[in-house]
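Engineer: Please see the structure below; I have some questions.
The values are calculated or read from the model by the stated rules, or taken from the named source; none is laboratory data. Keep in mind that this is a model prediction, so the values were computed, not measured. So basically every Cβ, Gly included, is an ideal-geometry build from the backbone, and we count neighbours across all protein chains shown.
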Amino acid sequence: MDYWRITLLGDGGTGKTALAVRAYDPTIEDSWRKQAKVDNRMSLVEIIDTAGQVITEKSPTIIRLLFSQGQAFALVFSLLSRTTFERIKSFHQVMVRNKGQAVPFVLVGNKSDRIEEREITEEEGAELAMSFGCPYIESSARTGNRVDDVFYGLVRKLRFGGESKGQKHVETTRGSRQHKSRSCIVM
Ligand SMILES: Nc1nc2c(ncn2[C@@H]2O[C@H](COP(=O)(O)OP(=O)(O)OP(=O)(O)O)[C@@H](O)[C@H]2O)c(=O)[nH]1
Ligand SMILES: [Mg+2]
C-alpha cells in the first residue's frame with residue numbers, strides 16, 4: 001500500500017474542509033487517513049486541510065512547514081464566487097514558488113450543486129486549468145459529486161511520478177479536460 005499526503009489550498013469559504021470531511025470514510029477509526037482503492041491498488045491518503053488565509057501568513061517557517069508536508073495539492077475555488085476564482089492565481093504562485101513547477105496539482109471548482117448561482121463557467125475554469133497545465137474538476141462537497149476524482153486523480157499522478165516504491169501506473173488525468181468517468185469504486 002502506498003501513502004500520500006494531499007494538501008487543500010484556496011480562499012476561505014470555498015469548501016476545503018467540507019471536501020476533506022466528505023472524502024474521509026467515517027467507518028475508518030483513524031479519520032484523518034482515507035483508504036482508497038485506486039486502479040485496483042490500495043492507497044492511504046492523508047488530506048491536509050488549510051485555512052483560507054494561509055498564504056497571507058507572514059511566517060516563512062509556517063509556510064515552509066505547510067509546503068514540506070504536502071506532496072500534491074488541490075487548488076479549490078467556489079464556483080459561486082469570482083473573488084475566490086481570481087485569488088487562485090496567488091495560491092498557485094505560492095505553491096510553485098515552494099514546490100517547483102513539477103508539483104502534481106489539480107484545480108477544483110467546488111459547489112457545483114448550486115448551478116443557478118454560478119459566477120464561473122466551466123469554460124473559464126477549464127481555461128485557467130489549461131494555463132496552469134493541470135486537470136480541472138467541478139465538485140460538490142454537498143452531494144459528493146466528483147469528490148473522489150479530486151483525490152484519486154492526484155494519487156495516480158503521485159504514483160506516476162514514481163516517488164513511491166512499486167508499480168507505476170499510466171496517467172489518465174493529464175490535460176484540462178480530464179476523463180469524466182470514475183475508474184474505481186469507493187470502498
Ligand atoms: N452548496 C454547497 N455548499 C458547500 C459546498 N462545500 C462547502 N459548502 C459550504 O460552504 C461553507 C464553507 O465551507 P468550508 O468547508 O468551511 O470552507 P473552507 O474552504 O474550509 O473555509 P476556510 O476554512 O475558512 O478556509 C459552509 O457553509 C459549507 O457548508 C458545496 O459543495 N456545495
Ligand atoms: Mg476550512
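Engineer: Report the residue count in segment 107-163 for those that are at positive phi and surrounded by 23 or more Cβ atoms within 10 Å (Cβ to Cβ).
Structural biologist: Of the residues in that region, 1 qualify.
Engineer: Filter segment 8-46 down to the residues that are more than 16 Å from ligand 2 (Cβ to nearest atom), modelled with pLDDT under 90 and not in a strand (DSSP E or B) and list them by number.
Structural biologist: 25, 26, 27, 28, 29, 30
Table: residues versus (1) of a type in the set (Ser, Thr, Tyr); (2) more than 11 Å from ligand 1 (Cβ to nearest atom); (3) out of contact with any Ser or Thr (no Cβ under 8 Å at 6 or more places or on another chain).
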residue	(1), (2), (3)
7	yes, yes, no
14	yes, no, no
22	no, no, yes
35	no, yes, no
43	yes, yes, yes
54	no, no, yes
73	no, yes, no
86	no, yes, yes
96	no, yes, yes
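Engineer: Please work out which one of (1) assigned to a helix (DSSP H, G or I); (2) charged (D, E, K, R); (3) more than 14 Å from ligand 2 (Cβ to nearest atom) is the condition residue 5 fails and give its number.
Structural biologist: All conditions are met except number (1).
Engineer: When only residues in segment 47-77 that are assigned to a loop (DSSP other than H, G, I, E, B) and over 21 Å from residue 151 (Cα atoms) count, which is modelled with the highest pLDDT?
Structural biologist: Here the answer is 59.
Engineer: A further question follows. If residue 124 passes every condition in (1) assigned to a loop (DSSP other than H, G, I, E, B); (2) under 19 Å from residue 83 (Cβ atoms) but one, which one does it miss?
Structural biologist: (1)
Engineer: Among the residues of segment 89-112, which ones are in a helix (DSSP H, G or I) and within 16 Å of ligand 2 (Cβ to nearest atom)? Steps first, answer last, please.
Structural biologist: First, pick out the residues of segment 89-112 that are in a helix (DSSP H, G or I): 89-99.
The one that is in a helix (DSSP H, G or I) and within 16 Å of ligand 2 (Cβ to nearest atom): 91.
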